[in-house]
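Have a look at the structure below, then the notes.
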Amino acid sequence: MAGKVIEELQDERIEVSALRRPWVPRVHGVARWVPAIASLIAVGGVIAITLWQLHLPLLLANTTTTGGDTGAHYMMPAYFTSNLFPHLTGWNPGWYDGYPMYTFYFILPDVLVALASHVIAYNVAFKLATVLGSIMLPVAAWACGRMFGLSAPVPAILATATLPYLFDYTWTIYGGNLFSTLAGEYSFSLSLALAILFLGLFARGIRTGAGRVWAAVVLALCILAHVVPAAYALVGAGLLTAIELFPKSFALYDDLRPPSLAWRHLPNEHLARGEGHRSRWAPLWWGGSTVVIGVLLSGWWLVPFGLRLPYSTSMGYENITTYMALLFPHADLWVEVIAGLAVLVAIALRSRFGLVVGVLGGMSALGLVVDPQGSLYNVRLLPLWFISVYLSAGWVVAVAIVAAARWIRRDRLEGWVIATKTETAGIWMPRPSPPRWPPGAVVGPLLAIVGAVIVVATPFVPALASELPHVGITPGANEVSAWAQWNYSGYEGKPDYPEYRAVVETMVKVGRQHGCGRAMWEYNSDLNRFGTPEALMLLPYWTGGCIDSMEGLLFESSATTPYHFLNQAELSVAPSEPMVGLPYGPLDVPLGVEHLQLLGVRYFMASSPQVQQEASADPTLQLISSTGPWKTDYDGQTLSTTWDIYLVRRSTVVTSLAREPAVLTGVGPSQASWLGTVGSDGQPVDGPAVVWYDNPSRWAVPLVAGGPSSWPRVTKASSGHPPSVPVPRARITDVRQTSDSVSFHVSRIGTPVLIKVSYFPNWHVIGASGPWRSTPNLMVVVPTSHQVTLIYGSTPVNELGLGCTGVGILCLFILAVAPTYRRRRARKWT
């Protein structure tokens with residue numbers, strides 16, 4: 001009956017969606033804002049619940065953030081603010097004998113912290129930056145739905161779907177959810193929110209030709225926040241562009257019904273002036289130019305990142321191959337079943353949003369499975385799979401709510417039409433009053449936020465949680481709140497903070513009395529009692545750059561990282577040994593101290609009785625300070641810790657060589673070529689540096705990747721027995737270091753000098769030739785004057801990146817002024 005009534009009311013050329021106009025009266029006043037208020041409640045509810053669990057009062061408290069990697073990330077924006085801004089990238093001597101800061105890590109969150117710290121306290125600015133991506137995600141999902149052309153209540157329901165995603169506990173470190181964010185992956189969370197926002201901007205622009213500038217800028221920001229979600233955004237852009245090139249018979253639609261006009265018949269600024277219709281290939285130009293401009297804008301960072309990647313360190317993490325357990329955990333089967341249904345519904349409705357998100361999820365899962373070992377740790381793609389799953393599930397729930405609401409509206413419309421006809425015929429009949437607003441637009445978001453809260457909160461309610469395993473859901477502990485409490489209460493909120501503060505103050509005093517320099521500290525996982533096992537990585541921050549930590553957070557950013565962890569195994573009772581494939585040895589303090597001298601480490605901090613006993617017996621170490629004993633109960637045991645601080649004798653940053661280095665031929669900058677590993681026969685595999693480092697008898701002749709033609713040449717095979725050519729030693733005096741330079745005076749010109757600072761191509765030398773990379777990852781120069789200065793500066797690679805960004809900015813400017821120019825020109829000729 002309803003279908004017959006509809007046919008009588010509409011003209012064949014009118015869309016089905018136009019049925020709303022005859023029977024829904026115009027709403028004036030406050031009532032017309034009710035659907036928007038319902039959406040606001042849904043989106044705001046996700047944000048409110050998230051902030052509640054993250055402890056908003058602690059986020060606003062002036063404490064020093066700790067917890068996992070976040071506790072070490074804390075010092076990076078501070079160094080950026082004081083040493084790098086506005087240059088954005090540069091050298092940081094604080095970890096691993098120095099490393100190129102932000103060349104291999106993501107800068108956007110720290111830029112935001114640096115800017116915000118000029119308005120609010122640095123501690124608060126850092127905390128807010130760590131949660132920014134999580135707070136943005138529901139807003140980005142809502143905006144994405146709106147810009148995809150999805151009508152209410154779909155965008156708001158998409159926002160509510162991010163709530164169970166944020167609280168998903170089936171992964172805790174790979175990125176995206178709150179656990180990962182609290183563990184230190186807040187850059188990933190911010191990039192993911194920007195990726196979702198970019199997909200919405202791109203989906204709108206590819207059909208309307210609008211918003212190219214905003215889409216390009218958001219893509220650039222997404223890349224600068226993290227490359228993995230940026231890849232998700234780029235693949236999505238490719239899919240959306242391809243869809244627009246489909247023939248009309250295969251067209252996909254935005255809302256839940258086909259529009260009367262395809263995108264290429266819609267007017268744009270040219271069509272509005274009567275200049276004709278958009279070309280069928282216009283989406284290819286719009287999409288391609290948008291992506292290219294976005295990538296160009298990030299070129300100042302992206303180009304050095306890509307071209308200098310061989311100088312980074314791969315930790316050798318092995319891909320996880322338990323694919324079913326990763327992709328289909330029992331706790332998430334409910335949402336994955338709904339997402340599977342969403343794909344079928346999207347195919348039936350030919351929904352652009354449903355199919356794009358579904359394909360992106362499938363490609364993320366496929367990428368996780370086929371990812372080659374060593375290229376990308378495959379589980380980094382897992383959060384992309386799950387965000388697709390949750391958004392798909394949210395979309396199909398919205399479809400169901402809209403379908404129910406439309407059924408109700410059609411039923412009421414039928415009654416309204418029948419009443420109208422009977423009144424016309426002279427028979428009075430009560431006319432049902434139509435709703436003052438579309439019911440689904442109000443009820444839908446409210447139902448969705450209630451459902452999302454139930455999903456998130458149910459595992460925390462014992463009476464309900466006990467029933468969940470019967471439907472395949474395994475509830476987890478309410479850990480987000482506990483993790484946030486641990487992180488944001490800060491170092492100051494830990495019971496063992498007095499011990500931590502005493503250790504830091506001891507090192508401040510040591511630096512004043514014995515000089516600034518690098519410190520190697522004995523590792524033990526029980527250092528987590530300070531807030532994170534990485535707490536002492538903050539020594540450069542607490543000491544104002546006087547005492548640098550050999551261990552740092554950004555493992556991949558320094559090619560010196562492997563050698564530090566070899567040292568850690570020799571100098572710790574319970575080392576972490578995080579890097580795969582290194583020939584870790586047993587506790588061996590004398591050898592470890594020799595390695596400290598080789599790397600120019602000035603201080604050694606021992607905390608276990610066994611290491612302290614061996615350290616006290618080593619004549620190279622001089623006990624200069626101590627703090628403790630500190631007694632505490634940790635992890636069910638009583639600890640008594642005394643920190644002994646030793647000065648490493650004869651450990652200098654600059655030293656004259658006694659023999660000519662041997663130039664190693666046939667090697668490249670990559671880890672496999674330079675570092676290599678050791679085979680079962682003790683011979684180098686793919687690279688000689690680690691074998692050289694593990695044999696002190698070879699240290700007399702450094703191996704270098706380049707040098708004067710007079711130096712002997714060796715191959716990988718002969719690197720174990722290079723020629724020994726003695727040279728007169730020079731006396732080194734007046735050694736001075738800054739954050740990005742090393743200078744010294746030599747008594748003799750022409751004698752090779754070893755600088756114990758991590759090598760990177762951006763180092764330039766004045767008053768010498770070089771620098772050349774030297775084993776293990778240091779630098780050698782040959783002075784041509786008595787005063788030598790090394791400066792960390794720019795290279796053609798950096799200039800190429802800046803040039804790309806300059807081109808991107810020029811393109812943005814042209815896009816901004818071109819419409820104004822055309823309008824003025826059009827007025828001139830009319």
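Readers should treat all values here as calculations from the given coordinates under stated rules, not as data from a laboratory. Since we're looking at a predicted model, the values are computed, not measured. Every residue, glycine as well, gets a Cβ built from its backbone with ideal geometry; the counts of neighbours run over all protein chains shown.
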Exercise. Based on the Cβ-Cβ distance from residue 334 to residue 631, what FRET efficiency comes out when R0 is 45 Å, to the nearest 0.05?
Worked result: 0.40
Problem set entry | the stretch 183-245: Cα Rg divided by the 2.2 N^0.38 Å rule of thumb | 1.10
Seminar exercise, completed: One would report the Cα pair-distance distribution of the stretch 573-639, bin width 5 Å, in %, as 3, 12, 20, 23, 18, 13, 9, 2
Seminar exercise, completed: In whole µm²/s, the translational diffusion coefficient that Stokes-Einstein assigns to the stretch 700-830, given a Kirkwood hydrodynamic radius over C-alpha pairs, 4 °C and 1.567 mPa s, equals 70 µm²/s
Seminar exercise, completed: All alpha-carbon distances of the stretch 64-188, grouped into 5 Å bins from 0, give the whole-percent distribution 2, 11, 17, 18, 17, 14, 10, 7, 3, 1, 0, 0
Seminar exercise, completed: For residue 495, the net charge from surrounding residues (Cβ-Cβ under 12 Å; K, R +1; D, E -1) works out to -1
Exercise. Out of every Cα-Cα pair in the stretch 597-636, what percent are more than 11 Å apart?
Worked result: 74 percent
Exercise. Scattering from the C-alpha atoms of the stretch 330-407 alone, worked out with Debye: what is log10 I(q)/I(0) at q = 0.15, 0.16, 0.21 1/Å?
Worked result: -0.54, -0.60, -0.89
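Ranked from highest to lowest mean number of other Cβ atoms within 10 Å per residue, what is the order of the peptides 725-735, 771-781? Mind showing how you got there, number by number?
Working: 725-735: 13.7, 771-781: 25.4.
Sorting 725-735, 771-781 by mean packing, highest first, produces 771-781, 725-735.
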For this session: Please give the peptides 352-363, 240-251, 595-606, 116-127 ranked by average Cβ packing (other Cβ atoms within 10 Å per residue), highest first, as a rough proxy for protection.
Result: 595-606, 352-363, 116-127, 240-251
Exercise. Contour minus end-to-end for residue 325 and residue 119, with contour as 0.36 nm per residue of separation and end-to-end as the Cα-Cα distance?
Worked result: 69.6 nm
For this session: State the extension gain, in nm to one decimal, for the chain segment bounded by residue 785 and residue 715, taking 0.36 nm per residue of separation less the distance between their alpha-carbons.
Result: 22.1 nm
Problem set entry | Pairs of Cα atoms farther than 19 Å apart, the stretch 495-543, % | 22 percent
Exercise. Rg and Dmax of the stretch 287-384 over Cα atoms: what are they, in angstrom?
Worked result: 17.6, 50
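Take peptides 130-141, 578-589, 688-699 and line them up by average Cβ neighbours within 10 Å, highest first, as a rough protection proxy.
Ranked by mean Cβ neighbours within 10 Å, highest first: 130-141, 688-699, 578-589.
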For this session: Divide, for the stretch 549-701, the radius of gyration over alpha carbons by 2.2 N^0.38 Å, where N is the residue count.
Result: 1.16
For this session: Post the alpha-carbon centroid distance, the stretch 162-201 to the stretch 531-582, in whole angstrom.
Result: 27 Å
Exercise. Beyond 22 Å, what share of the Cα-Cα pairs of the stretch 502-590 remains, rounded to the nearest whole percent?
Worked result: 30 percent
For this session: Please find the FRET efficiency linking residue 443 to residue 249, where r is the Cβ-Cβ separation and R0 is fixed at 45 Å, and quote it to the nearest 0.05.
Result: 0.80
For this session: Report the extension gain between residue 749 and residue 769 in nm, rounded to one decimal, defined as 0.36 nm multiplied by the number of residues separating them, less their alpha carbon distance.
Result: 6.1 nm
Problem set entry | R0 of 51 Å, Cβ-Cβ distance residue 525-residue 85: FRET efficiency to nearest 0.05 | 0.90
